[in-house]
Structures are given as C-alpha cells and as structure tokens.
Amino acid sequence: MSSRNEKLVKNVILFAIGNIGSKLLQVILVPLYTRVMTSSEYGTVDIMQAVVSLLIPIFSFTIYEAVFRYAMEKEYNKKAVYSTGIVMSVLGTLILCTGGTAVSFFIDPVFVWLVVANSVAGFFRSLLSQYARAVEKTVLFTVDSVLLTVFVLILNIIFIIKLDMGIIGYMLGYILANLLSCFFLFLFLGEYRKFSLKAVTKPLVKEMMRFSLPLIPNAVCWWLSSFIDRVIITAVVGEAANGIYAAGHKIPSMLTVIVTIFFQAWQMSANQEFKKKDIADFYTEIHDQIFSVITLASSLLILFCKPITSIFLGEEYYSAWQVMPLLLVAISFFSFAQFLGSIYSANKKTGMALVTNLIGVIISLSVNIILVAVLKIGIIGSAIATVCSYFVLWNIRIKNTYRIVPIKYKRGKMVITTVILLAQAILVTLSLNHVITYILSAVAFVSLTIIFLKDIVSLIRFALSFVKKILKRGA
C-alpha cells in the first residue's frame, strides 16, 4: 500500500466521521420536514436555501477556496492567508448587508434578513472549516462537523416541533448552528486563529483573488444548473410540485454523502501530489475506484427507491420516487465531473472550470425549457434535463482535462456500465409492471456487480491491508 493511498484513506475516515452524521441528518430530517410542513412551505424553504447557496460564493468572493488552497502550501504564510480571508469575508458581509437593506423595501424583511444572516454565517463557517483542513487540523474539522450535526438536530426540534415556527424556525436553526460552529472552530484553532491586518498585503490579496474570483461565476453556474429546474417547475407547475421535486432530491443526497466525504479527502491529496511525475497513474487508480463505487451505489438506490421513499417521505410526497432514479444517475455523472474538476483546482486553472460549467448550465436551461415549459412533462422533464447537463459536463471534462493529466480511461467498460445504469433508471421511472420492473432492475444491479467484481475485490483487499497495518501499529 503506497503512503499516499494510506494518507488518502486516513483522511477519508476522518472526514467520514465528521460528515456522515451531518449529511445523513439532512436525509433523516426529511420525514420531520415533510410531516410538519406543507409541500408549499417546503418548496419555499427550498428556494430560500437555494438563494443562500447562491449568495455565499458571490459575497464571500469564494475566498474560502483560496484560503484552503494557499494555506496548504509551505511557501505562503498561514497567518497572512487566514487574515486575508477574514478581511475579504468582512468586506463581503458589509456589501451583502447593504444589498439586504435595499431589497427589504420590496420583499418581506423577515425573509430577507433570514437569508442574509444564513449566508453570512455560512461563508464564515466555510472559511474557518476550510482553513482548519488546510492547516491539517482534521480532527478539529471532524469534531466540528459532528457538533454542527448536533446543533442542527436540537435547534430544528426546538424551533420546528416545540415552537411550531415553520419556515422561520427552519432558517433560524441553521443560522444559529453555523454561528456556534464558527465560535467552536475559532476557539480551538489555537495559534492558527491569530489575525493580523499588517499581514494582509496587496500582492497576496491579488494572487488569492485571482484564484477565487473565477470560482464565483463557476459556483453560480453550479447553482443555476441545480436551481433553474426548480424555478421553471415553480413557474409552470407550481410551488407544490417544486416541493415534491425538492423532496425527490433528498434520497439521491444519500449518494452525495459518499461523494462529499471522499472529495474532501481527495482534494487534499490532489493538491499535495499534483506536481509528482506519476500523477496520471494516481488519478487513473482513484478514478477507477470511485467510478465503480458510485455507479454501484446509484444502482442499488435505484433498485430500492420506492420502499426508501415510503419510509423517509410523508404520504403527500410519495410521488417523488418517480424522479429519484434519474436524479441518482445525474448525481453519478456530476460526481465523475467533480472528480475531474479537482484537476483544475490543483493546477490553479479555475477559469477552465467556469467554461465547462457554463456549457452545462446552457444545456440544463435549454432542455428544461423544452421539456417542462413547452412539452409540459413536469418534474420528470427537469430530472431529464439534469441528467443531460451533467452528462455533457462530464464528457467535456474528460476531453479537456486529459491535456493536463492523461488519465487512462477504460472507455469500453465505462460506456457499457453507464448504459446499464441509465436503462435501469428509465425502466424504474416508467415502472410499467411492478414485478417485472423489480426483476429487471435487480438484474441490472447484479450485472454491474459482476462487471465491477475485480474492482470490488481490489477495494476489499486494500481495505483489509489497511486494517491489518493499523492493527500492527496498535499492537
């Protein structure tokens, strides 16, 4: 087992401990939200959170990404990088609050300031947590993620169930949870939390902003690709339909749990290993592993999407199962594209990520307009548009990133397994015959398992080898 693979696994385990609770909580809390909130209320909350996810990268200048990237490198002073991040975040806060004041004359001020406060708390937490990762305080990062999960759970129970505060309670819970997380991270960063305005220099600000600014439209593109469909659904079909579609996204987020955990660890390895000569072999090895794991996980969730829906969602939301298979395929394609996107970050070519994302947004918008607004297919049309946009994004990045890191793709295997996964998703979505659908879906999963058997065995051996090595050290 190579030392870099071992380090990657250790980081995955640490980030898994910190993230799996918080990510699974988002899924586990769905039954709470869908039982105490109407589909219209849930649709409104979904839109408010989507706006928050848009405002965070814009008004933080995505400086937290630059802080993570530059604080990892030895040639940069960590205090200077951290201080620059704080200064830019404060500036973004002032601009956002000014904008919030203006907007509150036209929109309900309560909702406006809930969104503003959630955004500010969100991007300061992003800054501190990313910085903790960069300075290799992974245990602190892990503990904080666990605490954030606890904070959200307790506050949601208090505000939504006990006080019956609905939308306001939902937003307040996340605001306070993020603020408590910020306080905890700041407190335990120790000497790394020391701020110095003198350390903020013009050359460093320029360099970090040169890295982070292209990530703003890049993040906006990601937001648009995931939010365009919801805007069109709300406008054409209604808020209730958007609530159903939003609920349909929650089960596929179980797959996102796996992806997020891995990519937090992978991002560190990619940045640290990028300048080495055998980087292409390293990327090829990891690509094959994540491709097999994500494809199999997606297939398994598609197989059981109906019973999972009946367990996790309220009766009013049961029809959301119809969009889940296609959304699971879309998330798979997104994950593969995200893996290749790490090449842009490691190579500090963030502008290239923007171009590819922009193409994906155009595809998403075009297909959504055709299927939802023109052909009136409804939420399934939006799911199809998401699949198309992420598929195009993935394939563009395959060609584009090959010039930087020549990954040795097993193209024949990738085509066959992608076709099987997509066929399974379409079959379950149509669900023409209950029994036959389950049988054929199971056949698809078994077929993928057989195709990826060698990869599965390799991963099991790797895991056993890692465990044995850890046990020997502990003996």
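The values are calculated or read from the model by the stated rules, or taken from the named source; none is laboratory data. Bear in mind the structure is a predicted one, so any value in this text is a computation, not a measurement. Ideal geometry is used to build each Cβ from the backbone, glycine not excepted, and the neighbour counts take in all protein chains shown. Just the protein is used for accessible areas: all its heavy atoms, side chains included, with ligands, DNA and RNA removed. Shrake-Rupley method; radii C 1.70, N 1.55, O 1.52, S 1.80 Å.
Before moving on, here are some points about what is shown:
- Residues that are in contact (Cβ under 8 Å) with a residue 40 or more places away in the chain and over 24 Å from residue 184 (Cα atoms) within region 150-163 comprise 160, 161, listed in sequence order.
- Residue list for region 62-87, restricted to those being more than 16 Å from residue 199 (Cβ to Cβ), in contact (Cβ under 8 Å) with a residue 12 or more places away in the chain and open to solvent by 40 Å² or more (accessible area, probe 1.4 Å): 65
- Answer residue from region 201-254, given it is among the polar types (S, T, N, Q) and crowded, with 23+ Cβ neighbours inside 10 Å and is nearest to residue 320 (Cα to Cα) among those: 242
- Hey, residue 331 in a helix (DSSP H, G or I), over 27 Å from residue 64 (Cα atoms), among the aliphatic types (A, V, I, L, M) and open to solvent by 10 Å² or more (accessible area, probe 1.4 Å) or not: no
- Checking each residue in region 390-413 for being among the hydrophobic types (A, V, I, L, M, F, W, C), in a helix (DSSP H, G or I) and open to solvent by 20 Å² or more (accessible area, probe 1.4 Å) picks out 391, 392, 396.
- Residue match in region 310-320 (condition: part of a helix (DSSP H, G or I), over 21 Å from the mean Cα position of the chain (by Cα), crowded, with 22+ Cβ neighbours inside 10 Å and not aliphatic (A, V, I, L, M)): yes
- With respect to (1) part of a helix (DSSP H, G or I); (2) at pLDDT below 85, the lone exception for residue 416 is condition (2).
- Residues that are aliphatic (A, V, I, L, M), within 11 Å of residue 232 (Cβ to Cβ) and open to solvent by less than 50 Å² (accessible area, probe 1.4 Å), drawn from region 353-386: 367, 371, 372, 373, 379, 385
- Among the residues listed as 407, 416, the single one being aliphatic (A, V, I, L, M) and under 17 Å from residue 332 (Cβ atoms): 416
- Condition check for residue 103: over 13 Å from residue 57 (Cα atoms), surrounded by fewer than 21 Cβ atoms within 10 Å (Cβ to Cβ) and in contact (Cβ under 8 Å) with a residue 40 or more places away in the chain: no
- When restricted to residues that are within 25 Å of the chain's Cα centre (by Cα) and closer than 17 Å to residue 216 by Cβ, region 91-123 contains 7.
- Residue within region 372-380 that is touching a residue at least 60 places away in the same chain (Cβ under 8 Å), over 17 Å from residue 331 (Cβ atoms) and part of a helix (DSSP H, G or I) present: yes
- Residue under evaluation residue 163, criteria (1) at pLDDT below 85; (2) within 17 Å of residue 64 (Cβ to Cβ); (3) open to solvent by 60 Å² or more (accessible area, probe 1.4 Å); (4) of a type in the set (A, V, I, L, M), criterion not met: (2)
Per-residue answers, yes or no, for (1) open to solvent by less than 30 Å² (accessible area, probe 1.4 Å); (2) out of contact with any Leu (no Cβ under 9 Å at 6 or more places or on another chain); (3) among the small types (Gly, Ala, Ser); (4) modelled with pLDDT of 90 or more:
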residue: 89; (1), (2), (3), (4): yes, no, yes, yes
residue: 96; (1), (2), (3), (4): yes, no, no, yes
residue: 111; (1), (2), (3), (4): no, yes, no, no
residue: 118; (1), (2), (3), (4): yes, no, no, yes
residue: 131; (1), (2), (3), (4): yes, no, no, yes
residue: 156; (1), (2), (3), (4): yes, no, no, no
residue: 175; (1), (2), (3), (4): yes, no, no, yes
